[in-house]
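The values are calculated or read from the model by the stated rules, or taken from the named source; none is laboratory data. Fair warning: this is a prediction, and the values are worked out from it, not measured in the lab. FYI the Cβ positions are ideal-geometry reconstructions off the backbone, even for glycines, and counts take in every protein chain you see. Surface areas here come from the heavy atoms of the whole protein model, side chains and all, with no ligands, DNA or RNA. Shrake-Rupley method; radii C 1.70, N 1.55, O 1.52, S 1.80 Å.
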Amino acid sequence: DDPRFSRFDSRDDRGRYLNSLEEADALLDQMLETLQKRGIVRDPLIILTADHGQSFGERGYRSHGSAVVREQMLVPFAMAHPRLPRASLDRSSHLDVLPTVLDYLAVPRKGPEPLDGLSLRPIIAGDLTERPRPIGFEFGNMAAWLDNRYKLVALLKNAPDTGAAGPKPRKPEK
């Protein structure tokens with residue numbers, strides 16, 4: 001219960017979530033400061049991402065892993081290094097992390113492209129304005145396909161029903 005991380009109302013999920021983000025940010029800052037003071041790292045490449053987004057009641061969904069909706073599909077992907085340009089991307093995939101890092105490190109690859117993702121370096125550098133390939137997501141009996149203009153969401157036949165197709169009706173609160 002550190003007062004530095006209680007700026008938001010901790011009685012609701014969103015407040016606890018935002019407080020935890022501030023605490024994670026402070027811990028990351030502390031770790032980097034310690035590594036630099038000890039001379040272990042001078043200019044680290046920082047990559048920040050998450051495994052999923054979070055719903056707080058939007059479209060009737062709460063938590064994560066319950067649907068292929070924007071709030072649960074969008075995750076942060078940030079890279080920071082003194083030699084990297086500042087850039088913001090509308091969408092990326094975790095599959096893009098490794099190809100992007102390898103591209104910036106100029107690690108040569110032998111043979112055919114073994115990676116499913118793509119390097120985001122051309123987009124970050126401004127050489128491309130849009131992602132050249134769509135991104136696909138699947139959860140339970142729902143799938144989504146996103147390109148630069150559209151999002152297609154489909155129910156999958158013969159897939160286990162996880163409730164991803166829609167929130168279950170809730171009983172009225174008293």
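Annotations
- Ellipticity estimate at 222 nm from DSSP helix runs (n ≥ 4, -39,500 (n - 2.57)) divided over the chain, nearest 500: -7000 deg cm²/dmol
- Stretching residue 45 away from residue 27 to a fully extended chain increases their span by 4.8 nm, per 0.36 nm per residue minus the current alpha-carbon distance.
- Extension gain from residue 98 to residue 145, taking 0.36 nm per residue of separation minus the Cα-Cα distance: 14.8 nm
- Near the amide H of residue 120, within less than 5 Å, lie the amide hydrogens of 100, all on another chain or at least 5 residues away, with H placed in the peptide plane.
- Prolate/oblate/rounded call for region 1-140, Cα gyration tensor, a/c under 1.5 rounded: oblate
- Relative contact order, percent, region 52-121 [alpha-carbon distance under 8 Å, six or more residues apart]: 24
- Value of relative contact order over the chain, rounded to a whole percent, pairs C-alpha under 8 Å and six or more apart: 15
- The portion of the accessible surface of the chain made up by carbon and sulfur, rounded to a whole percent, is 52 (1.4 Å probe; DNA, RNA and ligands excluded).
- Pair residue 74, residue 11: separation of 7 Å Cα→Cβ label points (nm): 2.9
- Here the peptides 7-14, 53-60 are ranked by packing, the mean other Cβ count within 10 Å, and the order with the highest first is 53-60, 7-14.
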